[in-house]
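Heads up: the structure comes next, in structure tokens.
The values are calculated or read from the model by the stated rules, or taken from the named source; none is laboratory data. Being a predicted model, the structure only gives us computed values, none of them experimental. Reconstructed Cβ throughout: ideal geometry from the backbone, glycine too, with neighbour counts over all protein chains shown.
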Amino acid sequence: MLRGRLGLETARVAHADRHGIILLDRGNLVVEDGCLRFSTAGGSLEPGDYQIPHQTLSAILLGPGSTVSHDALRLLARHGTGLAAVGTDGVRCYTAPPLGPDRSDWARQQARLWSDEKQRLQIARQMYAWRLGEVLPHRSIEVLRGIEGSRMKESYRLVARRFDVGWHGRRYDRQNPDATDPPNQAINHAATAVESAAAIAVACTSTLPQLGFIHEDSDQSFVLDIADLYRTSVTLPIAFASAKELKTNHGDTLDRIVRRRASRAFRKEKLIPKMIDRIKELFRKPEQL
């Protein structure tokens with residue numbers, strides 16, 4: 001009776017045949033008659049009661065103002081559908097239970113590439129090529145990092161000029177991140193938001209956050225690798241636009257302004273699906289660089 005009530009006896013759908021992720025916020029996620037239902041007062045969806053096709057989804061992102069029942073968690077776990085608690089439009093990733101895809105293809109391919117020094121460098125060069133718009137001839141990771149660093153200095157200057165924000169260089173004190181000027185603080189906040197989106201993408205593909213190809217020391221190294229692919233195109237515009245808005249919007253904190261702009265940018269750019277596609281493209285067949 002319990003199995004039937006929760007719909008646990010039905011077959012699981014392979015993730016290859018599913019349709020990605022869905023964002024649910026400001027509502028209740030429950031099970032009724034063996035079906036997953038979401039009642040919302042209005043947010044990412046119009047106000048109403050919805051049946052959620054959990055077997056055809058790889059993951060559900062549960063946004064602010066939402067609750068989830070124990071039955072719903074059991075149903076999602078049984079069918080291998082991931083559930084991540086996130087900030088508005090994925091600007092934060094608070095938790096991502098390991099309920100991911102029912103295959104380990106991407107994780108195994110990532111581990112194979114990471115464990116081969118030549119292939120690991122090749123993946124790093126591919127990511128730098130995406131970021132910088134050209135294939136660099138150098139094959140030393142230290143040289144590649146140095147080139148990227150000098151290019152980023154110019155990117156900071158150009159984006160600051162684009163938004164008419166004064167810029168005096170990148171400064172970041174890990175012990176006191178709020179001690180810097182507003183543009184640097186805004187970059188910190190925007191980077192956190194984009195890293196959260198990357199964490200969701202990594203969780204949805206069940207790839208290994210610890211195995212980075214450019215970053216090495218952090219337990220979120222691969223998350224940082226993916227986030228950095230969008231540093232110039234997404235992170236910096238969010239940051240400098242927010243720093244400019246702060247000059248005239250004295251009623252909000254800088255962090256709140258950044259989150260709001262990040263939310264709009266993530267929706268417009270379809271950032272998380274893009275990140276998922278990039279991860280798959282990266283590991284499907286590494287280019288011979």
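Condition check: part of a helix (DSSP H, G or I) and modelled with pLDDT under 90. Does R157 satisfy that? No, not satisfied.
Checked against the criterion of being more than 21 Å from K274 (Cα to Cα), hydrophobic (A, V, I, L, M, F, W, C), surrounded by 11 or more Cβ atoms within 10 Å (Cβ to Cβ) and modelled with pLDDT of 90 or more, the stretch 167-178 has at least one qualifying residue.
State all residues of the stretch 122-140 that are over 22 Å from M275 (Cβ atoms) and in contact with a helix residue (DSSP H, G or I) (Cβ under 7 Å, 6 or more places away or on another chain); if no residue qualifies, say none.
L136, H138, R139
What's the total number of residues in the stretch 234-256 that are surrounded by fewer than 16 Cβ atoms within 10 Å (Cβ to Cβ) and in a helix (DSSP H, G or I)? Adding up the residues that qualify gives 1. Within the stretch 204-228, the residues that satisfy the criterion of being farther than 24 Å from G82 by Cα and crowded, with 20+ Cβ neighbours inside 10 Å are F213, I214, D228. Counting only helices (runs of 4 or more DSSP H) that fall entirely inside the stretch 66-140 and contain at least 2 residues that are modelled with pLDDT of 90 or more and under 18 Å from Q210 (Cβ atoms), the qualifying elements are 105-115, 117-132.
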